[in-house]
Amino acid sequence: MPQPIFAGIDAIPFQGPESQNPLSFRFYDKNRVVRGKRMEEQLRVAVCYWHTFCGDGKDPFGDATFNRPWQGDGDKLELAKMKAAAAFEFFTKLGNPYYCFHDRDVAPEGKSLAESNDLLDRMVDVLAGLQQKTGVKLLWGTANLFSNPRFMSGASTNPDPEVFAYSAAQVKKALDVTQKLGGENYVLWGGREGYESLLNTDMKRELDQMGRFMNLVCEYKHKIGFKGPLLIEPKPREPTKHQYDYDSAAVYAFFQHYGLSKDDFKVNIENNHATLAGHTFEHEVAYAVANGIFGSIDMNRGDLLLGWDTDQFPNEAGEMALVLRHIVAAGGFTTGGFNFDAKVRRQSIDLADLFHAHIGGMDVLARALLIADKMIADGKLQGAIDARYKGWTGGLGKEILDKKLDLAGISDRVLKGNINPKPRSGQQEMLENLVNRYL
Ligand code: XLS
Ligand code: NI
Ligand code: NI
């Protein structure tokens, strides 16, 4: 039995809202049934490998601060194995059912793609063993197509077709290993798919390249029988000045233009990316649900005063409840879940801080779920919306939607019926007060 890495920390218990123990859940009670499913099944929480186990606390001004036991000098493969052991010890103690990774998070990169693939295979065997032993499952896998300098001008949108080819080969492998580990989705975040300046950029060509890339990935997914959806993760900027996958609407337009079916492609929405795009998180989720492209969530938050992707853990249950309302009312996650794409701050250097961060995040989600349940069960909010749109469910509204009237016919109806609409209150403040009653 190897020495535990998170020594002194036991499995995190649920102790209820009154608990004074910082290493306990106050709301996340995995077996509590909410809207017909266990909380664990509703929330499908995943811990991400990159921030939690690869993050070292570096920022543009300062060096690494974390110095985890599995970081530093030594044989890269041995360190990767120790990192995997640490990760699964963490998952087991926290009690999250899922995890997510990039290929390069779990295994070191070799000198050639062949060597990288070989190193990845060796780590995939290790991960498979740990999954088997612990029961922790893979929510999604992805390929890192942004860290290595070869990707500095993009992956599929690179001016050099060899970079496109390299990226395609890397995604093929990442999809293979995701399938091997039983991954339920495959994510494509357009790491550097965008531009810094139009002075050196052929936008149409780059978009066509990306469209071709996604079609290739989709064909391969069918070829190997990978069942989960491909999830594109919108982000408006950072690292490039303008990322092509700006927001859910831009991604949906991309799907339609390049013939990517909703059966194969969905979105992975990240809270902080939504706010960077000038939307609320709620907007992005509601848009995706409305258009049938909702897939999964990267859970985090930004900082109102900082204009970049700060990837902090969520801490506003009331705000999250409004988002959960859309997800749960639409039937909840199918293959997706809440992946904490979030990192502890640079000064949070203790191993215990990783637990505090995730416990807090899971409690926020659990509380938000309970609040959303009250909102939905009570029906008042939906009732107000239904009443507001009632005119469209019969009479004139329905005739318009059912194409019973053309433009001239509608005009006749207005003129002959002497239609003269009266303004009606939107009742926003009343509804805001109603929402506050559930908190
Ligand atoms: C970066 C992205 C990234 C993706 C996975 O901003 O959120 O972490 O989720 O490549
Ligand atoms: Ni993300
Ligand atoms: Ni992000």
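The values are calculated or read from the model by the stated rules, or taken from the named source; none is laboratory data. Values in this document were obtained by computation on a predicted structure and should not be read as measured data. Neighbour counts are summed over all protein chains in view; Cβ atoms, including those assigned to glycine, are modelled from backbone coordinates with ideal geometry. The protein model used for the area step is the full one, side chains on, heavy atoms only, and it has no ligands, DNA or RNA in it. Shrake-Rupley method; radii C 1.70, N 1.55, O 1.52, S 1.80 Å.
Tell me, please, whether a residue that is under 27 Å from G318 (Cβ atoms), hydroxyl-bearing (S, T, Y), assigned to a helix (DSSP H, G or I) and touching a residue at least 40 places away in the same chain (Cβ under 8 Å) can be found in the range 270-278.
No, every residue in the range 270-278 fails to be under 27 Å from G318 (Cβ atoms), hydroxyl-bearing (S, T, Y), assigned to a helix (DSSP H, G or I) and touching a residue at least 40 places away in the same chain (Cβ under 8 Å).
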TODO: Could you list, in sequence order, all residues of the range 298-314 that are surrounded by 18 or more Cβ atoms within 10 Å (Cβ to Cβ) and among the polar types (S, T, N, Q)?
DONE: N300, Q312
TODO: Report, by residue number, each residue of the range 318-344 that is buried (at least 24 other Cβ atoms within 10 Å of the Cβ) and among the aromatic types (F, W, Y).
DONE: F338, F340
- [ ] Given the conditions (1) in contact with a Leu (Cβ under 8 Å, 6 or more places away or on another chain); (2) open to solvent by less than 60 Å² (accessible area, probe 1.4 Å), report the number of the one that R192 does not fulfil.
- [x] (2)
Open item on the list: Residues that are of a type in the set (V, I, T) and either modelled with pLDDT under 95 or under 19 Å from Q312 (Cα atoms) (or both): does the range 60-74 have at least one?
Closed with: yes
Open item on the list: Return the residues of the range 225-249 that are within 15 Å of ligand 3 (Cβ to nearest atom) and not acidic (D, E); say none if nothing qualifies.
Closed with: L231, I232, P234, K235, P236, R237, P239, T240, Q243, Y246, S248
- [ ] Determine which member of the set Y246, Y186 is without any contact (Cβ under 8 Å) to a residue 40 or more places away in the chain and not hydrophobic (A, V, I, L, M, F, W, C).
- [x] Y246
Open item on the list: From the list D412, D402, exactly one residue is open to solvent by 40 Å² or more (accessible area, probe 1.4 Å), more than 30 Å from F265 (Cα to Cα) and not aromatic (F, W, Y). Which is it?
Closed with: D412
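Can you tell which of V187, V171 is among the aliphatic types (A, V, I, L, M), under 19 Å from the mean Cα position of the chain (by Cα) and within 16 Å of ligand 2 (Cβ to nearest atom)?
Checking each option against the conditions leaves just V187.
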- [ ] Output the number of the condition that Q347 fails; it satisfies all remaining conditions of (1) within 16 Å of ligand 3 (Cβ to nearest atom); (2) open to solvent by 10 Å² or more (accessible area, probe 1.4 Å); (3) over 24 Å from V34 (Cα atoms).
- [x] (1)
Open item on the list: Just the residues that are open to solvent by less than 30 Å² (accessible area, probe 1.4 Å) and part of a helix (DSSP H, G or I), please, taken from the range 204-249.
Closed with: E206, M210, G211, F213, M214, V217, C218, K221, S248
Task: Matching residues in the range 250-297 - criterion: being open to solvent by 40 Å² or more (accessible area, probe 1.4 Å) and either under 17 Å from W189 (Cβ atoms) or within 15 Å of ligand 3 (Cβ to nearest atom) (or both) - done: K266, T275, H279
Open item on the list: Condition first: among the β-branched types (V, I, T), closer than 24 Å to E206 by Cβ and touching a residue at least 40 places away in the same chain (Cβ under 8 Å). Can you find one or more residues in the range 279-289 that meet it?
Closed with: no
- [ ] Read through the list (1) in contact with a strand residue (DSSP E or B) (Cβ under 9 Å, 6 or more places away or on another chain); (2) closer than 25 Å to K111 by Cα, then give the number of the only condition that M203 fails.
- [x] (2)
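When you scan the range 41-154 for helices (runs of 4 or more DSSP H) that lie fully inside it, which ones turn up with 2 or more residues that are within 18 Å of the chain's Cα centre (by Cα) and buried (at least 19 other Cβ atoms within 10 Å of the Cβ)?
On the way: elements: 76-94, 103-106, 113-134.
In the range 41-154, 103-106 are the helices (runs of 4 or more DSSP H) which contain 2 or more residues that are within 18 Å of the chain's Cα centre (by Cα) and buried (at least 19 other Cβ atoms within 10 Å of the Cβ).
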- [ ] Give the residues of the range 304-321 that are part of a loop (DSSP other than H, G, I, E, B), within 16 Å of ligand 2 (Cβ to nearest atom) and farther than 16 Å from E282 by Cβ, sorted by residue number.
- [x] W308, D309, T310, D311, F313
- [ ] For the range 156-188, name all the residues that are open to solvent by less than 10 Å² (accessible area, probe 1.4 Å), within 16 Å of Q209 (Cβ to Cβ) and assigned to a helix (DSSP H, G or I).
- [x] S167, Q170, V171
TODO: Go through the range 250-263 and count every residue that is out of contact with any Asp or Glu (no Cβ under 9 Å at 6 or more places or on another chain) and in a loop (DSSP other than H, G, I, E, B).
DONE: 5
